[in-house]
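Written below as structure tokens is the structure these notes are about.
Nothing in this text is a laboratory measurement; each read-out follows from the coordinates by a stated rule. Computed from a predicted model, the values in this text were never measured in an experiment. FYI the Cβ positions are ideal-geometry reconstructions off the backbone, even for glycines, and counts take in every protein chain you see.
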Amino acid sequence: MYILDTDVFSITSPANGFSAEEAEAWRAWVIKNQSGLYFSVATIMEVRFGIEKSIAKGATKKAASLKKWLAAAETVHQHRIIPISIEIAHRAGEMLYDAVREGFMPSTEDAFIAATAAVKGYQVLSRNEGDMTALKANWLNPIKMLPPDFPPFTFG
């Protein structure tokens, strides 16, 4: 199972900045493996912040497109959105302190995402090598290498 970091979750957005080839390979993998993909409510907050920032800059078309995409993603993934529990909050604080103590400054949002993965026993899919390494997260960059497909579900 995987937790998508916001930078990976956003690859499916209309404002992803990737080539059609890169984005399509990722989308195809996501469609095939979506039952094992989760994300943190911290990702919703980060995307919403981006939408509000776009509105403030006058990029209303971009903001409207992102709002529509986020609403669709929340609907499709509603049972795979993980709230920040007390256990996750404690683990995030520990991971964040350890990283800061070693001279790094990862974001609180990345600490929540990495801690969610740690508590749940999942791997983070992220392009943010610096912060995920600093947080000592179990992570993989799916743009450099797509994760293996989940085995098909069988009844039995």
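Roughly what would the spin-label model give for GLN78 and MET1, points 7 Å off Cα along C-beta, in nm? Placing both labels 7 Å along Cα→Cβ, they lie 2.0 nm apart. Distance between the C-alpha centres of the range 96-154 and the range 13-59: 17 Å, rounded to the whole angstrom. Taking the fewest neighbouring Cβ atoms within 10 Å as the starting point, the ordered list for VAL100, VAL119, VAL8 is VAL100, VAL119, VAL8.
Projecting the Cα atoms of ALA115, LEU96, HIS79 onto the charge dipole of the range 2-140, computed from C-beta unit charges around the Cα centre, puts HIS79 farthest toward the positive end.
When peptides 1-7, 69-75, 138-144 are ranked by their average number of other Cβ atoms within 10 Å per residue, the highest-first order is 1-7, 138-144, 69-75.
Paramagnetic label reach from GLU24 (point 7 Å along Cα→Cβ; backbone nitrogen cut-off under 12 Å): within the range 109-135, no residues. The count of lysine pairs in the range 2-140 with alpha-carbon distances below 28 Å, taking only pairs 8 or more places apart or on different chains, stands at 11. With neighbour counts taken as other beta-carbon atoms within 10 Å, the residues PHE104, PHE9 rank, fewest first, as PHE104, PHE9.
Dipole magnitude for the chain: about 520 debye, using +1 per Lys or Arg Cβ and -1 per Asp or Glu Cβ, origin at the Cα centre. Annotation: the residues SER107, SER40, sorted from fewest to most other C-beta atoms within 10 Å of their own C-beta, follow the order SER107, SER40. The helix-only estimate of mean residue ellipticity at 222 nm for the chain, built from DSSP H runs of length n ≥ 4 each weighted as -39500 (n - 2.57), is -17000 deg cm²/dmol after division by the residue total.
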